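Read the structure below first, then the notes.
Just so it is clear, none of the values below were taken in a lab; they were calculated from the coordinates. Just so it is clear, the model here is predicted, and its values are computed rather than measured. Counting neighbours? That spans all protein chains shown, and the Cβs are built from the backbone with ideal geometry, glycine included.
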């Protein structure tokens, strides 16, 4: 190219020289003619013009040279552009941030790293799981109980150290906990009423353990008096006692607890207090005792007995009478003092007659707690920073326990997910979205850690959307039944991922599972020569892939409750729970018999497959949600479920709703709402009937199903366009897709939050600011009352959606019911406007 330019310049010079010569010749001829002016001046003019022309010539040559250079550069660029590969926006985005692993690469490598028998540094995954379980057991055994971080600083330090070691940006947040005192001792003595001597002193320790028999937030004090048996301690049981002229007032009551009980220890204690009891004893009643589970006779089931967990922490109410959990073996001598030969048809279904007539005995019970004013709980938070900041994923597990033997299965699973993520990072992976891991403190006593976290602006930024909260229960592996509680928007993801989790056909859990003839949707039967089946097929055989979407009563002891019902964050809670019928051993909550040894020796998870399956499943779930550019939610599933639940509400409440159907709704309850704007033009006399409100809710839910389906199709289309290849000249089209993608994610990340209540809503409904733990217009925990019957207690789980409507109807409160329907319509209408 340079040679060509030089040749062109030479040719130009050759053409220009004759021209200059002719011009100079003409000028000389003119000079030879007789002139009247000075000749020297003419020579200077000629020379000056010659220099001017020469400079113009040189400048012209330079411009032409650069012009040809520019054309060459343009030609080279055009040539390169013509051969540029077509790329997708997703691929471009990852390349801009130095990411060379695709979504499929990340998922495949995670499953490889966490797979059965995979080794790292010559250590198999199962050995890592066993090592973690052993370490947590050893640390916990150094303390009699581990209620909060203040009880076990070594455990707190161990968790912090491993968060940092596994590559997370780690921080801790500490909070004061009033009233949750450290238990010191408990005693139950059977005393001879005449002599005052001790007849029997109950053992309140499990064999080989020093953890006292206590309840969290328990009363420190003593009680002495007559004692009676109250069966399961329900309101109906106490009413039966009163019917038979047996007054529980000023007596110590003994109640039994079992797997099928609908009431917690705290609720039974509240009922007993309400009837005037001065002391409360509860024992774990197991019907089927055999050689395998005979240890259950010595098990003590501890619990928390504080009231009002679901209001502000300052409103925590502790009981005013002592309560003690006791093992069956220890309470048996006391139970045997009740008259067994008394015939009374009312108590024929009770294991013991409730009263000792002319009893020669009385009971003395004592509970003693430390008197520290405030104790400290500490949450540990580890962050894996992502590329985009539109939302984040939080995975949490509880660290506290009532006992000294907990192997902290939840933290083992958490640590293994983090360890395999670190291996991914060594391949160059950086998560698309930030993933946070949280070690919760104080979960077993009113979800204290997660509640403190969400109220702390230094720890939790409420303006940063959370895509999903994934909770791992403290005792994550208790048996073989796969249990999933989830927001309906994630149902499709949970089912899809389960297809990729392998389960060996010769595993313990598969051998114990009965074949109910179910197959997962789209699944083929396993071939006989295949060594593995999948979690999807296992789940299908278990209960036809059942996911609980009633997120209230069923998760009230889980930190997922705080995120779903208070913050409006779509949440998931997963565990393997105990199945007393199928599993080789029965799980006793908050007993020292739940231990590493129990998991292995009782063959609950002797091959550690259940732990491994949760590690693979939950890790893949986090990766799938985080690496999907368009947030992977199906809003149509949400509103279909809401529609079904509202239909059930109207069916369950049909008599009351029919009584109110023609009742006129006062205008002052409606006039500021969009519901009134919708109805006022449809009524000629200005009278709006109650039935019209229900019809509008039904109509709106139907519209929302249609709109949400269209939204899901639109989002799927954007997700497809993000991976579609475009040529370079379609950059403006890519920019448009990028804008659509950002808008779609903004809608989805703020979707659930639009259904939470605010101070304005509380002011409208209750004429006061009443913001508590439940801020969701749909989900909640049904209110507990000491005066309800067993039918209500057993059906509470079904009232976890629209619990406020159920309660206002039950209380026959027409005005409050109208307010809740108006508020429900306003929230759903807002969502409808946002997604259309």
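Some observations on this one:
- Residues 692, 765, 489 in ascending order of nearby Cβ atoms (within 10 Å, fewest first): 692, 765, 489.
- Efficiency of FRET from Cβ geometry, residue 52 and residue 644, R₀ 56 Å, rounded to 0.05: 0.05
- Taking other C-beta atoms within 10 angstrom as a stand-in for reagent exposure, 95, 796 fall in the order 95, 796, fewest first.
- With a simple spin-label model that places each label point 7 Å from the Cα along the Cα-to-Cβ direction, the separation between residue 597 and residue 427 comes to 4.1 nm.
- Answer label for mean projected area of the Cα convex hull in nm² (calculated), chosen among (1) 54.6; (2) 87.7; (3) 58.1: (3)
- Separation of the stretch 727-766 from the stretch 144-219 is 46 Å, based on Cα centroids.
- Between 0 and 90°, nearest 10: helix 814-835 axis offset from the chain longest Cα axis: 30 degrees
- Over all pairs of different C-alpha atoms in the stretch 321-420, the reciprocal of the mean inverse distance, the Kirkwood hydrodynamic radius, equals 20.2 Å.
- A Stokes-Einstein calculation at 20 °C with viscosity 1.002 mPa s, built on the Kirkwood radius of the stretch 67-138 over Cα pairs, returns a diffusion coefficient of 125 µm²/s.
- Length-normalised contact order of the chain in % [C-alpha pairs under 8 Å, at least 6 apart]: 15 percent
- For the stretch 183-369, Kirkwood radius (reciprocal of mean inverse C-alpha pair distance, Å): 16.9 Å
- In this rough spin-label picture, where each label sits 7 Å from Cα along the Cβ direction, the residue 342-residue 88 distance is 7.5 nm.
- Full-stretch length increase - residue 359, residue 725 - with 0.36 nm per residue and alpha-carbon distance subtracted: 123.1 nm
- Estimated FRET transfer efficiency (residue 78, residue 550; beta-carbon r; R0 60 Å; 0.05): 0.45
- Pairwise FRET efficiency - residue 499 versus residue 607, Cβ, R0 = 22 Å, nearest 0.05: 0.50
- Centroid-to-centroid, using Cα positions, the stretch 809-834 and the stretch 631-654 are 15 Å apart.
- The relative contact order of the stretch 635-835, computed from alpha carbon pairs under 8 Å that lie at least 6 residues apart in sequence, is 27 percent.
- Computed [θ] at 222 nm, helices only, for the chain once each DSSP H run of length n ≥ 4 contributes -39500 (n - 2.57): -13500 deg cm²/dmol
- Cα→Cβ-extended label distance, 7 Å offset, between residue 174 and residue 67, nm: 7.9 nm
- In a fully extended conformation the segment linking residue 698 and residue 245 would gain 158.1 nm over its present Cα-Cα distance, using 0.36 nm per residue.
- Folded to 0 to 90 degrees: helix 2-32 orientation relative to the chain principal axis, Cα: 40 degrees
- Per-residue extension of 0.36 nm, minus the Cα-Cα distance of residue 742 and residue 373, leaves a gain of 127.9 nm for this segment.
- Separation between Cα centres of the stretch 55-76 and the stretch 442-460, rounded to whole Å: 71 Å
- Å³ per residue enclosed by the Cα convex hull of the stretch 408-520: 175 Å³
- Helix 103-113 vs. the chain, principal-axis angle (Cα, 0 to 90°, nearest 10): 50 degrees
- Residues 376, 664, sorted so that the one with the fewest Cβ neighbours within 10 Å comes first: 664, 376
- Taken over the Cα atoms of the stretch 635-835, the convex hull encloses 146 Å³ per residue.
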